[in-house]
Structure formats: C-alpha cells, structure tokens
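These notes concern the structure reproduced below.
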Amino acid sequence: MTNESLLAKKQREMGFLHHFHHLGYDLIDLGVVEKFEWTQLSHDDLHLMLNRHKWQSGDKLFALRSDWTNAIVRYRKQYHLRADKIAYSGPVYSLLKERHQLGVETFTDSIPKQIEVLGDMITFMEKELDISLSVAVVSHNKLLKKILNPRELEDPSVRKFICERNQDALKHRLGADHPLIGLMDQAPTEQAGYLKENYPELTGHLNELAEWEATLKSKNVDYVYADMLALPNQSYYKGIFIQLYGENQTEPVASGGQYTSSSKAFGMAINN
C-alpha cells in the first residue's frame, strides 16, 4: 500500500466517523480479540466460530473479531449500552480474508427509523464516497423458512443449489412436487403473488418487503430486485436483509439487515 492510498483509507474512515457523529450517532470502538465463555456461547456465536481464527487458553475461548454486529450486540448486553444509533469502523477477520468495515446499527423496532438509518448510509456512500448504486437486492428471512423444513434449510447441498438457482438439482434433492420448485417455476414478478396465494400467512412479511423495495427505489438506486429465493449471508438476520451493488460490480459494496438484540435492530456495513 502506497503512502497516498494509506492516507486516503484513513481519511475515508475519519470522514465516515465525523459524518455520523454529526448526525447524532454514538461512536464505538471494540478490541479485535474477543473473549468467550464456553457455557454462554449463543447459536450465532457457534455458527460464526466455524469461520473464525480462534484459540483456547485455560477455560477461555478467544477469537479475532469476524463480525461487528455480533460483537456490538454482546458488548451492548454486557455493559447495558443504551445508545439508539451506533457507528463504527475497523477490521474483521475470517479464515479466508481480512476486510475493513464502516457500519451503522440502530436498536429499534420502528421501521421508519430503520429506513432512516438506511437512508443515512446510502447518502454517505453517494455523496462522500462517490459510489453510484446500481442494484439493490432485498429479501426476507421468513420466506424460505416457511417453504423449507429445518433439515432442508440447513442442508449444505440445498443451500448451494438455491444460491446457484439449480432447479434440476433441487428437484432431485427435494422432489419435483416440492413447494420450492413451484416457487422457482414462477416468473420473478409473479413470485410474491404466488407466495401470498399459497402461504397467506406470509402476506405481512411480503408487504414489509414491498415497503423496503419502494424505499430503495426512492433513494435513486437504478434497479431494485426483491429476491424471494435469497439466503441471508449471516445467521442472525431475522427479517429484511439487503445487498447494495455499485455499477458493474459483482460483489456487494454494502450489506445489512434486521436482527434481534435485546430488542429488534437493523444494521448496514460498507466493505472496503
């Protein structure tokens, strides 16, 4: 990394923190090494451990931070942090790579307030980072949970074939008459209607999905796509989850979604 690129990276980080400080967000910084108690590991902790650098010392388990949201939720619970909106910046480490994240979290079940935080992040990306958002993909965690039973949902092969949209492989794995195959047979524009007709109990979730889709369209994202077949990239997402793409990019420049802390919450992070 050259002097110029290092300075640009640090200036971008400081610019992000200053920007959200002035918007009233509380800033937080946490250590990169996290300590765990074996008896207090949550389901999400255990899931994230599979992709973390970790080691044991005595009866304690230590790991490099692999996810900011999970770390902030545990910190918030441990120290009874009452901040409604948080901004952070720093690295996360997985077994495969290191990333630097600029992110925000809000701890509220108010959809308008969650949408406001999403808007703050999109505005920063467009005006301060000069990122032109081309595509937004939005989905809901509850959709596939209704169509697939728990065993099918956790099956690595099923998840792989869904990500690949491999209908033939899914027919072989699940059966040609499986409801998931019926959904995949529908044109993308007809899938929401198909789910409402066959699973009326999902109507509320689908209406919520449409609300977030409309919000993203109002933020001048070129193309907004509601994906009924998307799998969340984090196990803790409990509702809406979103991926934002820049022009001509195949990897999301930012992602986030709804999850549960001590109350409902929403977070979004930019990956550098």
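The values are calculated or read from the model by the stated rules, or taken from the named source; none is laboratory data. Quick caveat: nothing in here was measured; it's all calculated off a predicted structure. Backbone-built Cβ (ideal geometry, glycine too); neighbour counts: all protein chains shown. Just the protein is used for accessible areas: all its heavy atoms, side chains included, with ligands, DNA and RNA removed. Shrake-Rupley method; radii C 1.70, N 1.55, O 1.52, S 1.80 Å.
What pairs come up if the first residue lies in the range 16-34 and is surrounded by 15 or more Cβ atoms within 10 Å (Cβ to Cβ), the second is at pLDDT below 95 and assigned to a loop (DSSP other than H, G, I, E, B), and their beta carbons are under 6 Å apart, counting only those six or more places apart or on different chains?
26/83; 34/65
Which one of 73, 104, 138 is surrounded by 21 or more Cβ atoms within 10 Å (Cβ to Cβ) and at pLDDT below 90?
It is 73.
Kindly indicate whether any position in the range 73-83 is over 14 Å from residue 234 (Cα atoms), of a type in the set (Gly, Ala, Ser) and out of contact with any His (no Cβ under 7 Å at 6 or more places or on another chain).
Checked the range 73-83: at least one residue is over 14 Å from residue 234 (Cα atoms), of a type in the set (Gly, Ala, Ser) and out of contact with any His (no Cβ under 7 Å at 6 or more places or on another chain).
Would a scan of the range 100-109 turn up a residue that is more than 15 Å from residue 267 (Cβ to Cβ), in contact (Cβ under 8 Å) with a residue 12 or more places away in the chain and over 19 Å from the mean Cα position of the chain (by Cα)?
Looking through the range 100-109, none of the residues is more than 15 Å from residue 267 (Cβ to Cβ), in contact (Cβ under 8 Å) with a residue 12 or more places away in the chain and over 19 Å from the mean Cα position of the chain (by Cα).
List every residue pair whose Cβ atoms sit under 6 Å apart, with the two residues 6 or more apart in sequence or on different chains, where the first one lies in the range 236-249 and is at pLDDT below 90 and the second, anywhere, is open to solvent by 50 Å² or more (accessible area, probe 1.4 Å) and of a type in the set (S, T, N, Q).
Correct list of pairs: 238/260; 247/132.
Can you tell which of 219, 196 is outside the structural domain of residue 71 (by the TED database) and open to solvent by less than 70 Å² (accessible area, probe 1.4 Å)?
Only one candidate passes the filter, namely 219.
As an exercise: evaluate residue 239 against (1) within 12 Å of the chain's Cα centre (by Cα); (2) closer than 30 Å to residue 13 by Cβ; (3) not in a strand (DSSP E or B) and give the number of the one condition it does not meet.
Among (1) within 12 Å of the chain's Cα centre (by Cα); (2) closer than 30 Å to residue 13 by Cβ; (3) not in a strand (DSSP E or B), the lone unmet condition for residue 239 is (3).
Output the qualifying pairs, or none if there are none: Cβ atoms under 6 angstrom, residues six or more apart or on different chains, first residue in the range 74-92 and farther than 20 Å from residue 36 by Cβ, second residue surrounded by fewer than 15 Cβ atoms within 10 Å (Cβ to Cβ) and modelled with pLDDT of 85 or more.
Qualifying pairs under 6 Å: 87/27.
What's the number of the only condition in (1) farther than 22 Å from residue 258 by Cβ; (2) touching a strand residue (DSSP E or B) at 6+ places or on another chain (Cβ under 7 Å) that residue 72 fails to meet?
Tallying (1) farther than 22 Å from residue 258 by Cβ; (2) touching a strand residue (DSSP E or B) at 6+ places or on another chain (Cβ under 7 Å), residue 72 fails exactly one: (1).
Out of the residues in the range 204-229 that are acidic (Asp, Glu) and out of contact with any Asp or Glu (no Cβ under 9 Å at 6 or more places or on another chain), which is farthest from residue 244 (Cα to Cα)?
The extreme case among them is 208.
At least 1 residues that are under 16 Å from residue 253 (Cα atoms), in the same structural domain as residue 224 (by the TED database) and among the small types (Gly, Ala, Ser) in each: list the strands (runs of 3 or more DSSP E) lying fully within the range 85-151 that qualify.
133-140
Taking only the range 49-73 into account, find how many residues are under 23 Å from residue 16 (Cβ atoms) and not hydrophobic (A, V, I, L, M, F, W, C).
Looking only at that region, the number is 5.
Exactly one of these conditions fails for residue 205: (1) open to solvent by 50 Å² or more (accessible area, probe 1.4 Å); (2) out of contact with any Lys or Arg (no Cβ under 8 Å at 6 or more places or on another chain); (3) touching a residue at least 40 places away in the same chain (Cβ under 8 Å). Give me its number.
Every listed condition holds for residue 205 apart from (2).
Name the single residue, out of those in the range 242-272 being closer than 23 Å to residue 78 by Cα and assigned to a loop (DSSP other than H, G, I, E, B), that is least open to solvent (accessible area, probe 1.4 Å).
Checked the range 242-272; the qualifying residue least open to solvent (accessible area, probe 1.4 Å) is 261.
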